Amino acid sequence: MRQSNALGLFFLVAVTGLMLIMADAAYRRDRATDDLDRRGRLVAELGLTDLALFTEARYTRHLTQSDLHSALQDHPLALEHFPSGSLVPPPRGSLP
Amino acid sequence: MAFARRQQYLIDFTLSSLLRRKGRNLGLLLVYSLIVFMLSSVMLFTHALRKEAGIILRDAPQIVLQRIEVGRHALMPADYLEKIGRLRGVGEKKGRLWGYFYDPAVKANYTMMVADWRALAPTEVVLGAGIARTRGLGEGDYISFRSSRGEPRSFRVKGLLPAESELVSTDLVLMSEQAFRAIFGIAAGYYTDVTLSVRNPREIYKVAEKLSLALPDTRPILREEILRTYDNIFSWRQGIVFVLLAGAVLAFVIFAWDKASGLSAEEKREIGILKALGWETGDVLRMKYWEGAVVSLAAFFLGYLAAYLHVFYGSAGLFEPVLKGWAVLYPEFRLVPFLDGPQLATLFFFTVFPYMVATIIPIWRASITDPDAVMR
């Protein structure tokens, strides 16, 4: 096989792969509708406000409910010391 | 037809030329694909998470009202509910009881919450899937918590929250109001905060303003603010992930620029020979254009496809240690693949084009010089 044909085949496979992941994403989104509804219902029933992504500290567990500047509240020169605090910037509204 | 054949010959020649320096070019392809993989993974992960947060939290309370005392969140007396009820526009209102509980057995923080509608007995709890996994508990097992007075209280696990809702419930412990008050020593007539709905959604800001005036020691948090917070937080331009990635991307830019702009003596000689053999400047440029296109497009496809598999089939496993931090409880979740067309286009533009441009310019410079001078 000529090298250019092999390359053409490689890109054909790659583009097909890209189209396949688009189709897979659409299919999985359709299938996930019920799951998303169930999660939404739990949020409504319990009145939940946050994702349980960072459970290490109260102000990272409930980002939207934490006191303003809570990361720095323990003493005047306290520095943020939880790793997720460096991943997640404070909500814009609470910045000076 | 002649044009296509010409391009095909050029591509054949380009591939042979690339394969002559196999190790170096495969190394470049690997590093390039890794950079695209990392960037795409961050973009796919944060976009999917942001979309999912937006959909799930659409059902969050319209307004959460917190009481603030000496700058901190404090308990809300029940008579505030009555005061809130007197404000026009306020619909349903409800005092919530929730709090954090540190479990020294596994060094994890739980979120304890009262769920009236579950009709739990004072000795029953419903656990989030993360807690059940960490403590190795199932339905019918027993778990005990130390109350604020130091007494251990034992609870029967009545059920587990569904695994598909782990993203919002992995660390939840649902219990009855009586059990919650007993554990935390909260007297009757006090709540953690209040959630309320507004009859006309267009009046939310007005109602929030009235709340702040009528109850000056409170802080209203609107659903819109909750949604905006999550929208901002997972913006891929923010946070340390981007800072770290920016370093990696810059290193790659320097690497690619160095590789592309500093032509090796061998490459210069090759151009000289081609020109001496009768190749035109345009042909040399076209050949090098194909070289850049082949490498960057291959890296883009490989990196993006691998990133999709990593994020949506591998649960973004590489990010887990970073996101987990010091937390013991981390939700096991599979994100719904929300893909974003403009995001894909941006990624394509910023990863494929700069490399192609960086390759073309030095080649053009070398190919317009005299073949004899280049070969010497």
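Values quoted throughout were computed directly from the atomic coordinates according to the rules given, and no laboratory measurement underlies them. All values derive from a computational prediction rather than experimental measurement. FYI the Cβ positions are ideal-geometry reconstructions off the backbone, even for glycines, and counts take in every protein chain you see.
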Counting DSSP beta bridges with both partners in segment B:120-189, what percentage is antiparallel, nearest 5?
65
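What are the equivalent ellipsoid semi-axes of chain B, built from the alpha-carbon gyration tensor (square roots of five times its eigenvalues), in whole angstrom, biggest first? It would help to have the intermediate numbers written out before the result.
Numbers: eigenvalues 771, 113, 52 Å².
Semi-axis lengths for chain B are 62, 24, 16 Å.
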Sorted by chain and then number, the residues having a modelled amide H within less than 5 Å of the amide H of residue B:108, at least 5 places away or on another chain, are B:103
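Can you tally the net charge around residue A:4? Count Lys and Arg as +1, Asp and Glu as -1, for every other residue whose Cβ sits under 14 Å from the Cβ of residue A:4. Show your work: numbers first, answer last.
Values: positive: A:2, B:5, B:6, B:286; negative: B:12, B:291.
Spelling it out: positives minus negatives among the neighbours equals +2.
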Work from the charge dipole of segment B:63-222 (Cβ charges, +1 for Lys and Arg, -1 for Asp and Glu, about the Cα centre) and give the residue of B:101, B:75, B:138 farthest towards its positive end.
B:75
Charge context of residue B:195, other residues only, Cβ under 9 angstrom, K/R +1, D/E -1:
+1
Nearest-20 debye value, segment B:167-217 charge dipole, Cβ charges on Lys, Arg, Asp, Glu:
240
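Can you pull the mean other chain C-beta count within 10 Å for peptide B:218-231?
Averaged over the peptide's residues, the number is 3.
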When the helices in chain B are scored as -39500 (n - 2.57) per DSSP H run of 4 or longer and the sum is shared across all residues, what 222 nm value do you end up with, to the nearest 500 deg cm²/dmol?
-17500 deg cm²/dmol
Provide Rg and Dmax in Å for segment B:131-194, with only Cα atoms included in the calculation.
13.2, 36
Listed residue pairs exceeding 24 Å between alpha carbons, taken from B:93/B:210; B:94/B:324; B:94/B:206; B:51/B:324; B:158/B:324; B:51/B:206
B:94/B:324; B:158/B:324; B:51/B:206
The alpha-carbon center of segment B:1-29 and that of segment B:111-167 are separated, in whole Å, by 63
Taking 7 Å along the Cα-to-C-beta vector as the label spot, tell me the residue A:2-residue B:178 distance in nanometres, rounded to one decimal.
8.4
Positive-pole candidate from B:329, B:313, A:8, dipole of the protein assembly as shown, charges at beta carbon
A:8
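Could you tell me what percent of the DSSP beta bridges with both partners in chain B are antiparallel, to the nearest 5? Provide the component values of the computation, followed by the final result.
Numbers: 32 of 40 bridges.
That works out to approximately 80 percent antiparallel.
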Let me check I've understood the local charge: for residue B:69, count other residues with C-beta under 12 angstrom from its C-beta, Lys and Arg +1, Asp and Glu -1. What total comes out?
+1
Can you give me the distance in nm between label points at residue B:357 and residue A:35, each placed 7 Å from the Cα along the Cα-to-Cβ direction?
4.0
Among the Cα-Cα pairs of the protein assembly as shown, the proportion with separation greater than 33 Å, in percent, is 50
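Please work out the FRET efficiency for the pair residue B:199 and residue B:231, using the Cβ-Cβ distance as r and a Förster radius of 25 Å; give the result to the nearest 0.05. It would help to have the intermediate numbers written out before the result.
Values: r = 26 Å, r/R0 = 1.05.
Efficiency at R0 = 25 Å is approximately 0.45.
When N is the residue count of segment B:63-222, what does its C-alpha Rg come to as a fraction of 2.2 N^0.38 Å? Kindly include the intermediate steps, with their values, before the conclusion.
On the way: Rg = 17.4 Å, N = 160, 2.2 N^0.38 = 15.1 Å.
The reported ratio for this selection is 1.15.
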DSSP bridge pairs, the protein assembly as shown: antiparallel proportion in percent, nearest 5:
80
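As an exercise, use a Förster radius of 25 Å and the Cβ-Cβ distance of residue A:13 and residue B:318 to find the FRET efficiency, rounded to the nearest 0.05. Working shown, then result.
Working: r = 25 Å, r/R0 = 0.99.
After rounding, the FRET efficiency stands at 0.50.
Using the 10 angstrom Cβ neighbour count as an exposure proxy, how do B:253, B:295 rank, fewest first?
Details: B:253 14, B:295 24.
With the fewest neighbours first, B:253, B:295 line up as B:253, B:295.
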With +1 on the Cβ of every Lys and Arg and -1 on the Cβ of every Asp and Glu, and nothing else charged, how large is the dipole of the protein assembly as shown about its Cα centre, in debye rounded to the nearest 20?
420
Taking only the Cα atoms of segment A:10-50, how large is their convex hull per residue, in Å³?
61
